[in-house]
Amino acid sequence: MTDRPIKVLIAKPGLDGHDRGAKVLARGLRDEGFEVVYTGLRQTPEMVTTAALQEDVDVVGLSILSGAHMTLVPRVCRLLQETGLTDVMVVIGGIIPDVDADELRSIGVAGIFGPGTTIAEVAEFLRANVRARD
Amino acid sequence: MSTSSAPATGVAGADPAARARVLTDAATNGDRRALARLLTAVENRTPIAEAALRVLYPKAGRAHIVGITGAPGAGKSTLVAVLIAEARRAGRAVGVVAVDPSSPITGGALLGDRVRMQAHAADADVFIRSMASRGHAGGLAATSAAAAAVLDACDFDLVLIETVGTGQSEVEVAAAADTTVVLEAPEMGDEIQAIKAGLLEVADIVVVNKGDRPGAQRTASQLRAMLVAVARVGAADRGHHGATEGSVVPPSILTTRGRPRPKQPEVLITTATSGDGIPELLAALNRHRGLGREGPGAAARLARAQAQVWSILAERTRASLAESHRRAGTTAILQAVADHELDPFAAADRLLATLRE
Ligand SMILES: Nc1nc2c(ncn2[C@@H]2O[C@H](COP(=O)(O)OP(=O)(O)O)[C@@H](O)[C@H]2O)c(=O)[nH]1
Ligand SMILES: [Mg+2]
């Protein structure tokens, strides 16, 4: 169906203690017309991958503030690949230095949103870049 | 809504029956990704879903389908999580369909039930799927029944459907289950009381959750008292619908009320956060399932069949009336109703007549 809303998983991997930002994003994307599955704090890459698979999402959004992005994000990307979820888009939010951003893009991260990115910008990016699938 | 739509499907032109066959073969052989894809097709009501259900429906019918409904915050998702654990200890594979409302304005939805169930993510015999209600009135019960049938055909022996008990269509979802559990929490306030009676009418089992909170016992006693009154009202109601059999009773009424309820549902107390009362709840579910093939079980299956067939019938009727050679005639009749030149009943009769031509 062409009017199927885009389905997004918002997860917070790693040991960050709070998920205020992730929740604000989840609610914001809902208000932008997305179907948002929220999985909460302290998600392992395995949990994120299983949720993405079962929910059959178009996008996995990872919110990482702990600075552990260079260990967590590649593991999620690799697990998604290994599980066959090659058509799922991965985007991340957090404070990501430019050098790291380049490397993350090279392993398949489609979008990186730093502090100050508005929800409308994220929404626009997803609408423009989510790929067609059956 | 169109602002956040996924792009048109890439291989939609491919033969849906062939694609469905690939997915159903894989899904029934344990491929979870194929199962997830099938559930998406069901949600989107695509031709693949139709072709897949033709294959899967005959394989389904063995699972125990349990609806869990109640006010937001009553503890439904937390309860589902501990119920999964209890059923897993008994060696049963568990499928979950967790429905949350879509915004009627943006079409968006926040699906947050999964947060409480993520502990089961690593278990291959647990499959959790969130679904937005997407405002297809009446059709939500049909969609979730179809999703349950897919999980059933893929050997999930217990299928739990969580819905928020605030809208008629959400209540219908729960009512189309084999066993309907209505969750209450102690002292939930007056506005909740107002929806209670309607919810209780569809309950096979009533659970007072948050048993660790003060007032749980009192709430349970109050509910037991209320349920006697509801049983009486329910009986009067059914008499009324019985009398109007064959007239313009909408399917929603048939599916939620055309079903005998136990005179007095069991009232149990649970504490979902600690697991207290959960073995007793699973035992009560099993007892109700055992009532099985005739009685409430048979009526529930009939209600589910109705929800699905009625919804497909309505969709097909609409589609036929919109076919190119009928569209002008259909539009003219609708316009006549809009202009008060024709009453809606006469219009419906005429439209049905055009289908027979
Ligand atoms: N004290 C107490 N809190 C509970 C219990 N069950 C759930 N909760 C809490 O109630 C809140 C809502 O729970 P949730 O399962 O999301 O409710 P739902 O909206 O009905 O699905 C959460 O904070 C839970 O931790 C319980 O048995 N006792
Ligand atoms: Mg819930």
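Quick query: amide H of B:Ile269 versus all other amide H atoms, modeled in the peptide plane; which residues come in under 5 Å with a sequence gap of 5 or more or a different chain?
Hits under the 5 Å cutoff: B:Val208.
Before I look further, what does the protein assembly as shown give for accessible area per residue, probe 1.4 Å, in whole square angstrom?
43
Once phi is turned into ³J(HN,Hα) by the Karplus curve 6.51 cos²θ - 1.76 cosθ + 1.60 with θ = phi - 60°, what whole-Hz value does each residue of segment B:153-165 show in order, with x for glycine and proline?
Result, ordered by residue: 5, 8, 6, 7, 7, 10, 10, 9, 10, 9, 9, 7, x Hz.
Taking R0 as 56 Å, what FRET efficiency do you get between B:Arg356 and B:Ala90 from their Cβ-Cβ distance, rounded to the nearest 0.05?
Calculated value: 0.60.
Does the protein assembly as shown classify as rounded, prolate or oblate by the C-alpha gyration tensor (a ≥ b ≥ c root eigenvalues; a/c under 1.5 gives rounded; else a/b over b/c gives prolate, otherwise oblate)?
Values: a/c = 1.76, a/b = 1.20, b/c = 1.46.
Verdict is oblate for the protein assembly as shown.
Treat each spin label as a single point 7 Å out from the Cα along the C-beta direction, and report the A:Ala101 to B:Ala332 distance in nm.
The answer from the label model is 6.3 nm.
Among A:Asn129, A:Val24, A:Ala52, flag the residue with its Cα farthest along the positive direction of the charge dipole of chain A, charges on Cβ as +1 for Lys/Arg and -1 for Asp/Glu.
Farthest along the dipole direction, towards plus: A:Val24.
Using only alpha carbon pairs under 8 Å that are at least six residues apart, calculate the relative contact order of chain A and give it in whole percent.
Numbers: 207 pairs, mean separation 33.1, N = 134.
With pairs under 8 Å counted, the relative contact order is 25 percent.
Would you mind getting me the FRET efficiency between B:Glu187 and A:Leu15? Use the beta-carbon distance for r and R0 = 35 Å, nearest 0.05. Mind dumping the intermediate values first?
Numbers: r = 36 Å, r/R0 = 1.03.
Step by step, r from the Cβ atoms, then E = 0.45.
Which whole-Hz couplings ³J(HN,Hα) result when phi for each residue of segment B:76-81 is put into the Karplus expression 6.51 cos²θ - 1.76 cosθ + 1.60, θ = phi - 60°, listed in order with x for Gly and Pro?
Each residue of segment B:76-81 in turn: 4, 5, 4, 5, 4, 4 Hz.
Only Lys, Arg, Asp and Glu count, each charged at its Cβ (+1, +1, -1, -1), so figure out the dipole size of chain A about its Cα centre, rounded to 20 debye.
260
Roughly how big is the protein assembly as shown's charge dipole about its Cα centre, with Cβ charges of +1 (Lys, Arg) and -1 (Asp, Glu), in debye to the nearest 20?
Computed charge dipole of the protein assembly as shown: roughly 980 debye.
Using 31 Å as the Cα-Cα cut-off, could you pick out the over-long pairs in A:Lys12/B:Lys210; A:Lys7/B:Lys59; A:Lys23/B:Lys59?
In this structure, A:Lys23/B:Lys59 exceed 31 Å between Cα atoms.
Provide the percentage of antiparallel DSSP beta bridges, counting only those with both residues in the protein assembly as shown; round to the nearest 5. The partial results should precede the final answer.
On the way: 2 of 57 bridges.
Once the DSSP bridges in the protein assembly as shown are tallied, antiparallel ones form about 5 percent.
Could you work out how far the C-alpha centroid of segment B:108-170 sits from that of segment A:14-75, in angstrom?
Here the two parts' Cα centres lie 20 Å apart.
Using every alpha carbon pair in segment A:70-134, what percent of pairs falls into each 5 Å bin from 0 up to the bin containing the largest distance?
3, 16, 27, 23, 20, 9, 2, 0
Nearest 100 Å² is fine: what is the total accessible surface buried where chains B and A meet, probe 1.4 Å?
The B and A chains share an interface burying roughly 3400 Å².
Count neighbours as other Cβ atoms within 10 Å of each site's Cβ, and list the GluC sites (Glu not before Pro) in segment B:271-354 that are DSSP loop with at most 15 such neighbours.
Filter output for segment B:271-354: B:Glu294, B:Glu323, B:Glu341.
According to a simple spin-label model (label point 7 Å from Cα along Cα-to-Cβ), what is the distance in nm between A:Thr83 and A:Thr71?
2.1
Once a ≥ b ≥ c are taken as the square roots of the eigenvalues of the Cα gyration tensor of segment A:1-48, is the result rounded (a/c under 1.5), prolate (a/b larger than b/c) or oblate (a/b not larger than b/c)? Don't skip to the end; give the middle numbers.
On the way: a/c = 5.11, a/b = 1.72, b/c = 2.97.
It comes out oblate by the Cα gyration axes.
Of B:His340, B:His325, which has the most accessible area with a 1.4 Å probe, and how do the rest follow in descending order? Each step should come with its number before you reach the end.
Details: B:His340 165, B:His325 130 Å².
So, going from the largest accessible area down, we get B:His340, B:His325.
How would you order A:14-23, B:89-98, A:50-59 from highest to lowest mean count of nearby Cβ atoms within 10 Å?
A:50-59, B:89-98, A:14-23
The values are calculated or read from the model by the stated rules, or taken from the named source; none is laboratory data. What you see is a predicted model; the values in this text were computed from it and never measured. Note that we place each Cβ from the backbone using ideal geometry, even for glycine, and neighbour counts take in every protein chain shown. We work out accessible area using only protein heavy atoms, side chains counted, and drop any ligands, DNA or RNA first. Shrake-Rupley method; radii C 1.70, N 1.55, O 1.52, S 1.80 Å.
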